[in-house]
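**Student:** Here it is, the structure in full.
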Amino acid sequence: MIARLASLSDASDPAVSRVLEAMSSIPRHMFVEPPLRHRAYSDCSLPIGRGQTLSQPMTVLSCLAAVDPGESDTMLEVGSGSGYLAAVAGRLCSRVTGVETMLELVHRSRNVIEELGLTNVLIQYGDGGAGWPSAAPYDCIIVSAAADAVHPGLFSQLSEGGRLGAPVFGDGGQSFRFFRKKDGRMEEYRAGFACRFVPLTGRFGSIE
């Protein structure tokens, strides 16, 4: 899987290289139900129950490389699902907080993360659509479910210079967009990409 991802991406980019190394140390099959483990290292999304999915490896690589978490950074993932992206991020930064609305997935992901010995990754049960203030501020935020817009609460919990990536509904589908906090304001800092995430659940899944 790692060799295939490296061949399809710019492995000379330090951010991409760091994420690939982190992904190589996290066994993806542990985040997949046993009947699907033979597909764990294919570049495809996989169901994890309750209508949720584990993102395809290329999406995980693209999202993490774009926000580029550093060793001393803190990170929030909204909609942590299986916990795979949070686990990979745990190899890249100092502390990762994942928030998930489905208790079954919280218990399952916590067990896998504990088995892997990732003491800097904490999965919280709750609605993270507007962020998770108790662990803020964050240097990086990734939203792993699609909404109509990025909730302002997420921006407010981002540190100055911090990066945020989120899938947003638009005309004709979804696009994964990237923002940076500069002088207290949010700006898009790089081109996004077309994507397909499950909808964000909870109170903040749709903003009118």
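The values are calculated or read from the model by the stated rules, or taken from the named source; none is laboratory data. Note that the coordinates shown come from a computational prediction; the quantities given were computed from them, not determined experimentally. Counting neighbours? That spans all protein chains shown, and the Cβs are built from the backbone with ideal geometry, glycine included. With ligands, DNA and RNA removed, areas are computed over all heavy atoms of the protein, side chains included. Shrake-Rupley method; radii C 1.70, N 1.55, O 1.52, S 1.80 Å.
**Student:** Across the range 103-123, which residue is farthest from residue 32 (Cα to Cα) among those that are open to solvent by less than 50 Å² (accessible area, probe 1.4 Å) and either of a type in the set (Ser, Thr, Tyr) or touching a strand residue (DSSP E or B) at 6+ places or on another chain (Cβ under 7 Å) (or both)?
**Tutor:** 120
**Student:** Across the range 175-208, what is the total count of residues that are of a type outside the set (A, V, I, L, M), within 16 Å of the chain's Cα centre (by Cα) and closer than 18 Å to residue 60 by Cβ?
**Tutor:** Residues in the range 175-208 being of a type outside the set (A, V, I, L, M), within 16 Å of the chain's Cα centre (by Cα) and closer than 18 Å to residue 60 by Cβ: 9 in total.
**Student:** Hey, residue 186 hits all of (1) of a type in the set (A, V, I, L, M); (2) touching a helix residue (DSSP H, G or I) at 6+ places or on another chain (Cβ under 8 Å); (3) in contact (Cβ under 8 Å) with a residue 40 or more places away in the chain; (4) open to solvent by 20 Å² or more (accessible area, probe 1.4 Å) but one; which does it fall short on?
**Tutor:** For residue 186, the exception is condition (3).
**Student:** Sticking with this one: For residue 120, which of the numbered conditions (1) polar (S, T, N, Q); (2) under 22 Å from residue 178 (Cβ atoms); (3) touching a Cys at 6+ places or on another chain (Cβ under 9 Å) fails to hold?
**Tutor:** If we test residue 120 against (1) polar (S, T, N, Q); (2) under 22 Å from residue 178 (Cβ atoms); (3) touching a Cys at 6+ places or on another chain (Cβ under 9 Å), just (2) comes out false.
**Student:** For the subset of the range 51-60 comprising residues that are surrounded by 14 or more Cβ atoms within 10 Å (Cβ to Cβ) and not aliphatic (A, V, I, L, M), which member is nearest to residue 175 (Cα to Cα)?
**Tutor:** So in the range 51-60, the residues surrounded by 14 or more Cβ atoms within 10 Å (Cβ to Cβ) come out as 52-60.
Those still in the list that are not aliphatic (A, V, I, L, M) too: 52-53, 55-57, 59.
On the way: 52: 18, 53: 17, 55: 15, 56: 15, 57: 17, 59: 12 Å.
The extreme case among them is 59.
**Student:** Testing residue 202 on (1) on the phi > 0 side of the Ramachandran plot; (2) open to solvent by 40 Å² or more (accessible area, probe 1.4 Å); (3) modelled with pLDDT of 90 or more; (4) small (Gly, Ala, Ser), one condition comes back false. Which one is that?
**Tutor:** It is condition (3) that residue 202 fails.
**Student:** For the list (1) under 14 Å from the mean Cα position of the chain (by Cα); (2) open to solvent by 80 Å² or more (accessible area, probe 1.4 Å); (3) not hydrophobic (A, V, I, L, M, F, W, C), I need the number of the one condition that residue 133 fails.
**Tutor:** (1)
**Student:** Are there any pairs with C-beta distances below 8 angstrom linking a residue in the range 2-29 that is open to solvent by less than 80 Å² (accessible area, probe 1.4 Å) to a residue that is polar (S, T, N, Q) and part of a helix (DSSP H, G or I), with the two at least 6 apart or on different chains, and if so which?
**Tutor:** Filtered contacts from the range 2-29: 2/24; 9/62; 11/17.
**Student:** Another question, if that's okay. Considering every residue within the range 74-85, establish whether at least one is out of contact with any helix residue (DSSP H, G or I) (no Cβ under 9 Å at 6 or more places or on another chain) and open to solvent by 10 Å² or more (accessible area, probe 1.4 Å).
**Tutor:** Yes: the range 74-85 contains one or more residues that are out of contact with any helix residue (DSSP H, G or I) (no Cβ under 9 Å at 6 or more places or on another chain) and open to solvent by 10 Å² or more (accessible area, probe 1.4 Å).
**Student:** Name the residue, out of 42, 55, 82, that is closer than 22 Å to residue 178 by Cβ and among the hydroxyl-bearing types (Ser, Thr, Tyr).
**Tutor:** Numbers: 42 fails: closer than 22 Å to residue 178 by Cβ; 82 fails: closer than 22 Å to residue 178 by Cβ.
Matching residue, one of 42, 55, 82: 55.
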